[in-house]
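Computed from the coordinates by the stated procedures, all read-outs in this text should not be read as laboratory data. These figures come from a predicted structure and were not determined experimentally. Heads up, the Cβs are rebuilt from the backbone with ideal geometry, glycines too, and the neighbour counts pull from every protein chain shown.
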């Protein structure tokens, strides 16, 4: 049977990735630093003196991803006149990704890549829970309430002992549904974050980027038994219990259990027990299979995604480091864990040595106890009288010595140097300046940081570009013109003067054609503007903008003046475009160029009912014609003479 074949494949994949998944959980615990076996009120509960790894991740994150990327869409073919369509798709894609909380999901994935070697996002389009692939972060609508009602109704039939509580909960759900507190059926682009250990990839792949060509990818979805039964309309009493050791819970209501390190098997209600739903994406047959561990039947009939993007898999993997010939590369935790241990061990020993240096006194045994007692009870600044019995004071009582501290033994500069070489973060970037630095030195260090994390930042932008490209392809297939109008607005009324008559026309605000998949994939070229995801350098950008602003303004005015005179202004346009490109390749020069076409149409003054620009153009043409005729007459007279 096909189900048995897939069970064998999943079992083999679990065994293949078991060591890596164990390391993933270890890395998470290392970054967190909590010792859950210790008393929460004791110092051992958080044993790390300095959590350098967590601090480094916090320093890297804003430098590589601090804001949503700027998406630019242009026609794939230079001759295609689809500028309005590109503007429409660009705006719709940006808004859809923003509504899908791309920034929060992407930042969590970047953090996962730094911690676990690579992070994962899943892009889906929500429409119908019974037909969509599994979506963890579904848009709230009444369909979820209906599924919850089905779950409670099933519980009423199966569990007689909990009828009262389930009936009360069912009544509240029905009441909320009747009050229509949520949209009946919400749809739109949804982005899920998948835990690293919850994605099983065909073990036959060799290098990381080969995952796009893997024969199959399986998402392990921990889910409550009752909700799985309500969603898939199946009795899952025979399903295998989900083992926490295979990965943390990913279902949103079970995350609280995972954060407290509780096993779902201890839950009092059987429906709250966790099971593992397997969603298998088979690229070979272009089918999606859904099953549950412990059962030999499909939870739903195998299907093919009707409106997928050009790539088959909706999973987008982001690596931190890529190693030639291996799928798993080292994470930031792998690279720095031993350095952190060495640093903390050095600091701990230094503090232990310092504890030995307790001030005290050593007294002669000939001195009676009362004299010593009096000396030990003396207060700060008080004169103490000691009976030395005729002996010199320095022979009776002296300060107690202690082992000297050698600073070289406890110096952590070597660890700090190794840390900088491994992570690429200098003192200024980590906000731990060891010695005072001038503004020039800090700027050099910041540039060094930019250069050393540029590779990871470039990978993030390529990854985001793939997500945006896939999302645009899905949206082109899913959205109707009515839905696009909500993003772009209704057509605008435009008043023009034609043959002396005032005419009102409707101007299109968007273009959304109905195309086949092949044309959709080849029609547009989507790009992420480089460097738009990192934290901006506000002061430097403002100074640069103040320098270039007068030049942009001057060139724009020159273009307008030349156009008004009917002269060629293309050289000014090219100069403006090249200048902005050299200043910053993220800037779209078209935003600063006057719209000559709109100027040519002119502006109709309601009080006069005339096209002001047309009147001005006619006057210019008459003057030019008169000057030309006058020039001909003068030339002719000169020739005749």
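Here are the numbers for the structure shown:
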{"read-out": "Förster radius 51 Å - calculated FRET efficiency between residue 406 and residue 20, Cβ distance, rounded to 0.05", "value": "0.75"}
{"read-out": "Fully extended contour minus Cα-Cα distance, from residue 575 to residue 233, at 0.36 nm per residue", "value": "116.6 nm"}
{"read-out": "Segment residue 582-residue 391, length gained on full extension (0.36 nm per residue, minus Cα span)", "value": "60.1 nm"}
{"read-out": "Potential extension, residue 365-residue 525 segment - 0.36 nm per residue separation minus Cα distance", "value": "48.4 nm"}
{"read-out": "Proxy reagent accessibility, fewest Cβ within 10 Å first, across 486, 111", "value": "486, 111"}
{"read-out": "Distance between the stretch 190-236 and the stretch 266-336 - C-alpha centres, whole angstrom", "value": "2"}
{"read-out": "At R0 = 41 Å, FRET efficiency that the Cβ-Cβ distance of residue 300 and residue 349 yields, to 0.05", "value": "0.10"}
